[in-house]
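Here is the structure we will look at.
The values are calculated or read from the model by the stated rules, or taken from the named source; none is laboratory data. Note that the coordinates shown come from a computational prediction; the quantities given were computed from them, not determined experimentally. Protein only, heavy atoms only, side chains kept; ligands, DNA and RNA dropped before computing areas. Shrake-Rupley method; radii C 1.70, N 1.55, O 1.52, S 1.80 Å.
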Amino acid sequence: MDLGVHHFAVLSTGELFENPKPISHHVRRMARLNREFSRRQKGSKRRAKTKAKPARCHARVANVRRDTLHKLTTHLATAYGTVVIEDLAVKNMTASPKPKADPENPGHHLENGHAARAGLNRSILDIAPGELHRQLTYKMGWHGGHLVVADRLFPSSKKCSSCKKTKATLSLATRTYRCEHCGLVLDRDHNAARNLAAYGKKHLVAGSGPETQNGRRGDASCTSDTGAHSPKSPRGRKRQDGSGQPAKAVTASSQGEAA
Ligand SMILES: [Zn+2]
């Protein structure tokens, strides 16, 4: 699964989850309510009444976010035996880029893509990756599945999921991955998700320790003892290994594989 900017999440199967963007929808309303509140005279009845409004708005945002995240993690844990996610360096993604001085124009600064990053930061924060990670860890554990966290240096976006060649650069604004080696044209996030799925297959079979988080208490045989875990485990519900069709299509993806 890749956490997208324009989508909430994209799976390697092409299954797409739309971003609810709870903050973006409510942020303007919240700002207006806060202004309204600060205009009210201190100690007045109207001030006390107005105070509850932004708080309600805030609670709504939190509810939408919590609900969406729980639905996604429950779906993943029940439909799939193995889920691979990126180790998102949250701090790096939310930090504002430092301004770069323009060498040809003293006193001015180069365009540093601040707006593009702010957009990414906004939606990443909406998704709350730390909470996603936490929920997946315990829910995959409940269902006897595996959560694989890809190394943060793994180039999931820059790699071609078809021929495995890695691009030197890929700007955030580029929404479609185009491979100059094999001609693959695929949605950027879908390409990243397919790379993560391949990463998970490789590392789960190899039985790697630190990245694999086996939630099944007192039974680590799937990853370390046998070394060859079948994602289609007969235990619990019927699952897929990530390459088949999703058990329950939440949102049909319009992005087919155009390899
Ligand atoms: Zn390629």
When each of LYS51/LYS139; LYS71/LYS159; LYS71/LYS167; LYS71/LYS202 is checked by Cα-Cα distance, pairs over 32 Å: LYS51/LYS139; LYS71/LYS167
Could you state how much accessible area LEU204 has, in square angstrom rounded to the nearest 10, with a 1.4 Å probe and all protein chains kept in place? 10 Å²
Where does each of LYS53, LYS167, LYS71, LYS201 land when they are ordered by accessible area, with a 1.4 Å probe and the largest first? LYS71, LYS201, LYS53, LYS167
Heavy-atom accessible area order for LEU3, LEU33, largest first, 1.4 Å probe: LEU3, LEU33
Stretched fully, the stretch from SER44 through TYR138 gains (0.36 nm per residue minus C-alpha distance, one decimal, in nm) 29.1 nm
